[in-house]
1. Rounded to whole Å and sorted largest first, list the principal axis extents of the Cα atoms in the stretch 1-82.
2. For the stretch 69-178, take N as its residue count and report Rg(C-alpha) divided by 2.2 N^0.38 Å.
3. Mind telling me which of M12, M121, M185 comes out most flexible in a GNM of the chain, alpha-carbon contacts under 10 Å?
4. Which whole-number percentage describes the relative contact order of the chain, with Cα contacts under 8 Å and a sequence gap of 6 or more?
5. Could you tell me how many cubic angstrom of Cα convex hull volume the chain has per residue?
6. For the chain, what does -39500 (n - 2.57) per DSSP helix run (n ≥ 4), summed and divided by total residues, give at 222 nm, in deg cm²/dmol to the nearest 500?
7. Quick one: net charge around S101, please, counting Lys, Arg +1 and Asp, Glu -1 for every other residue with C-beta under 15 Å from its C-beta.
8. Looking only at E201, E19, E57, which one moves most when the chain is put into a Gaussian network model with springs between Cα atoms under 10 Å?
Amino acid sequence: MKKKIIVGNWKMNPVTVEEAKKISKTTRGLAQKLNSVKVVICPPFVYIPVVSNTRVESPVSLGTQDIYHELQGAYTGEVSPLMLKDFGVEYVIVGHSEKRSKGQTDEMISKKVQLLLENNMSPILCIGEKERKEDGSHLDFLKEQIKNSLNKVPKKNISKLIIAYEPVWAIGAKEAMAPNDIYEMSIFIKKVLSDLYGHDEAVSTSILYGGSVNFRNAPEIFIKGQIDGLLVGRESVNIAGFTELLKTIDTL
Ligand code: PGA
């Protein structure tokens with residue numbers, strides 16, 4: 001059976017290395033006991049060497065929150081996918097709305113997705129509308145976003161692709177999207193993928209939901225939303241909440 005994927009996007013948290021170690025240690029300890037959940041943590045770059053251990057098999061996989069769209073060269077302040085791979089990073093969140101709002105374009109995002117897949121890493125491609133429109137035009141927006149973000153990715157390379165549907169209005173909000181709406185959106189995304197790459201590829205691509213997920217709403221989102229996993233922001237650095245979330249999802 002395919003494992004449920006829970007990705008923790010730590011964002012710019014915590015602010016001390018001690019806290020980072022604590023969150024990662026607790027998550028690791030718990031992940032060891034889970035049967036049906038794959039846990040991925042995405043700390044800020046500077047904590048990667050602290051939480052990574054390339055010598056031992058870890059129950060928690062490592063990811064980051066972004067990457068540069070080139071492999072090497074004169075790009076001041078940037079980090080290459082190859083550098084991360086060397087530290088055991090397997091997943092990279094790409095196109096998060098908090099990065100898109102700072103000027104990241106579909107063109108750059110598509111290059112990142114392409115580079116990651118070519119280097120045998122998993123992009124967690126974030127897509128999502130800013131608002132839901134009565135006339136359904138947000139669906140056209142999403143379709144374009146998916147097409148543009150994947151336009152450099154040939155069918156033969158997509159097996160490691162993960163899509164995270166994160167409606168922008170639900171990120172950092174009080175409430176998540178209604179589970180029935182999440183279900184509808186995941187079907188829509190599969191349809192777009194199927195038109196682009198074919199039915200089998202669409203079915204095998206994992207779709208995650210993200211936006212105000214916590215330990216209370218996670219089970220219903222999972223069951224009614226019929227998604228393959230969750231991208232969790234705030235709750236992933238709240239040790240008690242994340243522990244509870246992982247334990248409950250494991251029982252589903
Ligand atoms: P949130 O963030 O869970 O804090 O809403 C989710 C995300 O931005 O990935």
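1. 44, 32, 25
2. Values: Rg = 14.9 Å, N = 110, 2.2 N^0.38 = 13.1 Å.
Normalised Rg, Cα atoms only: 1.13.
3. M12
4. Numbers: 454 pairs, mean separation 50.6, N = 252.
This gives 20 percent for the chain.
5. Numbers: hull volume 31.7 nm³, N = 252.
Normalising the Cα hull of the chain by residue number yields 126 Å³.
6. On the way: 10 runs with 101 residues, N = 252.
One gets -12000 deg cm²/dmol as the mean residue ellipticity at 222 nm.
7. Values: positive: K11, K99, R100, K102, K130; negative: D66, E98, D106, E129, E131, E166.
Computed value for this residue: -1.
8. Maximum fluctuation in the GNM of the chain, among the listed residues, is at E57.
The numbers here are math on the coordinates, done by the rules we state, and not lab data. Computed from a prediction, not measured in an experiment: that's the story for all the values here. A quick note on method: Cβ atoms are made from the backbone with ideal geometry, for glycine too, and the neighbour counts reach across all protein chains shown.
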